[in-house]
1. Can you tell me which residue is modelled with the highest pLDDT among those in the stretch B:225-278 that are part of a loop (DSSP other than H, G, I, E, B) and polar (S, T, N, Q)?
2. Could you list all residues from the stretch C:71-106 that are more than 7 Å from every other protein chain (Cβ to nearest Cβ) and over 18 Å from B:HIS193 (Cα atoms)?
3. Touching an Asp or Glu at 6+ places or on another chain (Cβ under 8 Å) and either assigned to a helix (DSSP H, G or I) or of a type outside the set (Gly, Ala, Ser) (or both), is that true of B:LEU61?
4. Those residues that are out of contact with any Leu (no Cβ under 8 Å at 6 or more places or on another chain), touching a residue at least 40 places away in the same chain (Cβ under 8 Å) and among the small types (Gly, Ala, Ser), I need them from the stretch B:295-315; list them, please.
5. Have a look at C:ALA123, C:ALA113 and point out the one that is more than 7 Å from every other protein chain (Cβ to nearest Cβ) and either at pLDDT below 80 or touching a Phe, Trp or Tyr at 6+ places or on another chain (Cβ under 9 Å) (or both).
6. Do we have A:VAL24 as in contact (Cβ under 8 Å) with a residue 24 or more places away in the chain and assigned to a helix (DSSP H, G or I) here?
7. Kindly establish whether B:PHE13 is crowded, with 17+ Cβ neighbours inside 10 Å and under 30 Å from B:SER277 (Cβ atoms).
8. For the stretch B:20-43, which residues satisfy the criterion of being touching a Ser or Thr at 6+ places or on another chain (Cβ under 7 Å) and surrounded by fewer than 21 Cβ atoms within 10 Å (Cβ to Cβ)?
Amino acid sequence: MAGVLDLVYVALALLVAVGGVFTVWWIGRDLDDGIDPTSDLLRAVAVSVFLVLLAWPLVS
Amino acid sequence: MDHGKFTRVTTYFHSLLALDVFLLFFTGYSVMFNDELWWMVEFMGGNAGVLALHRIAGFGLIVLTVFWVTLMLIGPGRRKNFKAILMTLTDAKAFVQDVKFVLGRADERHPNARQFAGYSSDEVPLLSYVGKGVIYIFTVELVLLMVSGLLIWSKVGLAQFFQTKAAATAFVTFHGLLGVVMVMGIMFHIYEHGFHPAFYPVEMKAFVPKSMMPHEEHEEHEGTGIELLSLRPTWKWAVNLAGAAVVIGIVSVLVGSIFDSGYPVPAGLTPGGGPTSILLTIGINIGMFVLLLGVVLSTYGNVLRARYEQQVAGDEHDSEPEAAADGGQPRADE
Amino acid sequence: MARRDDARGMSEALAIAVSAVVGIVVAVASVWYFSGPFDASFETLYRVNPTVEGGGVGADYVAGNTDPLLDALIVVIHAVDIVAGLFILVLVFVHWGAFRRLGARMRDPDEPAEVATDGGRDADSGGESA
């Protein structure tokens, strides 16, 4: 069982990381660079799920 | 290739420092994140081998750092660098404009943020705001890491400087946690300079001294001229893959440092170094892979430099017969 | 005494040599100092004697880590890690986004390149096309 401060730290890190990958997807949508927005979205989801599952066993 | 910034000594110093710091990371964090990087410890000769390597690299770090500070103080034309690293209000504006640029609210990156200067290179300062930040973090971190590292250098010294074993343990923990800022910063540094679309896969400014850079006068041109450059085919997936790997690496090391802080004896005195998970193991290993990528790119930069130097030498050689064909005197000794 | 230009000091080669010597000397001296022989022998240092006045070596077995300053040090460095880590993450995303935007402005690899990365133009392409 982790301390409260540790939980806050982990939550902050996840918030910034997940927010960031989705921001990249959001930016990529209206770019004309030949990169499929769906692959951006899938990557954002995959990275987010990975990070949440990574932290889960440590804080639960 | 963009305008050069590094002198010849700086290119060598940067490469040596990089190799030394990577070695310190691999040895240091395979000990601190022992639960996740046990294979690295085995690979580098077990506990004793790893710590011996860490001390050798630490010694190298002191040599390199003191060399650099001394050179900045006594070397010709170096004093002005101290002024060039001062943070200004413009740097804060550059960061804000960078955020706006990413969100689509600004047309260009601020000159203080520009990595690719192109046609507008006269407007670009010696260091971008990130470059200044890197120097600050390095200075503070290296001093603290070297001092705390020396304090825990040997068992005799340890007992001489600390009254209790707990105090010594606290310092080992402190030393490891300090480096976390560095390790995250270096992952970003690798991404920042390896995956810029105009430079990918490696920014030659760091490897070819500015004295050897071609400086051509360009005609008047609006902006940097980046739209004239052609992307490398692999950039499209590499930039996203590396971005994801860097994010996972940084978050994993960060989360790991919260729970895995005190090997060999964690802060909470629980044996085993704290909890772990399979994904944390994978994540931290991805982080180490990002660092390894840095080693590879740094080496590749030096290979390209060697090739470039060879090419420059070859061009000079090639031009001689032409001069002779133009009516110059043929050389008698050939 | 003050000279107007920044080119004071010694020559480049001499400066590099002097800096290298200073670096090695300081490193050797600091490592020697911190791991050096000292006067106390290893054995006397590690004799477990927790009752010595002022806390001798081995006192930690009795007292443990009771120094609040050391605990505070660890708490502070954890916080520094988090603050720095979050800022670095933001920087990564700022650059990731900026690279994507800059990349979208550049030519596709299958389009004919007109400019080499050093900004020099191909010999046979005109200057007006951009």
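The values are calculated or read from the model by the stated rules, or taken from the named source; none is laboratory data. Because the structure is a prediction, the values reported are computed rather than measured. Reconstructed Cβ throughout: ideal geometry from the backbone, glycine too, with neighbour counts over all protein chains shown.
1. Here the residue is B:THR234.
2. The answer is C:ASP71, C:ALA72, C:VAL75, C:VAL76, C:ALA79, C:VAL83.
3. Yes; evaluated as a whole, the condition is true for this residue.
4. B:GLY301
5. C:ALA123
6. It is false that A:VAL24 is in contact (Cβ under 8 Å) with a residue 24 or more places away in the chain and assigned to a helix (DSSP H, G or I).
7. no
8. B:ASP35, B:MET40, B:VAL41
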